[in-house]
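Asker: Take a look at the following structure, please.
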Amino acid sequence: RPVDGVPDPPLHVHCVVHNATWDESERRFAAGQFREIKRDCPYYQAAFYSRIARRLNELGYATERSER
């Protein structure tokens, strides 16, 4: 999405997770349980943005906070 004619792609990453875990007590594979991870997604997103902003600043790039 261009902003004033300059490309400004949204910052994002991709993560692939196999939906299978080994259940030792049942000795078989079972579906992963991701409810808590999805519930806590806003925390992980904030941590991601914080880390990337800090690292960009360390490299000399200016960043600024927004309401987003």
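The values are calculated or read from the model by the stated rules, or taken from the named source; none is laboratory data. Source: prediction; values computed, not measured. All Cβ positions, glycine included, derive from the backbone under ideal geometry; neighbour counts span all protein chains shown. The protein model used for the area step is the full one, side chains on, heavy atoms only, and it has no ligands, DNA or RNA in it. Shrake-Rupley method; radii C 1.70, N 1.55, O 1.52, S 1.80 Å.
Asker: Which residue is surrounded by the fewest Cβ atoms within 10 Å (Cβ to Cβ), if the candidates are limited to region 2-24 and must be acidic (Asp, Glu) and modelled with pLDDT of 90 or more?
Answerer: If we take residues in region 2-24 being acidic (Asp, Glu) and modelled with pLDDT of 90 or more, then Glu24 is surrounded by the fewest Cβ atoms within 10 Å (Cβ to Cβ).
Asker: What pairs come out if I take residues in region 1-14 that are part of a loop (DSSP other than H, G, I, E, B) and pair them with residues that are open to solvent by less than 90 Å² (accessible area, probe 1.4 Å) whose C-beta lies under 9 Å away, six or more apart or interchain?
Answerer: Arg1/Asp8; Arg1/Pro10; Leu11/Phe48; Leu11/Tyr49; Leu11/Ile52; Val13/Phe48
Asker: Where residues in region 25-45 are open to solvent by 60 Å² or more (accessible area, probe 1.4 Å) and of a type in the set (A, V, I, L, M, F, W, C), which of them is farthest from the chain's Cα centre (by Cα)?
Answerer: Per the stated criteria, the residue is Phe29.
Asker: Moving on. Tally up the residues in region 46-68 that are loosely packed, with under 10 Cβ neighbours inside 10 Å, polar (S, T, N, Q) and assigned to a helix (DSSP H, G or I), please.
Answerer: Residues that pass the stated criteria total 0.
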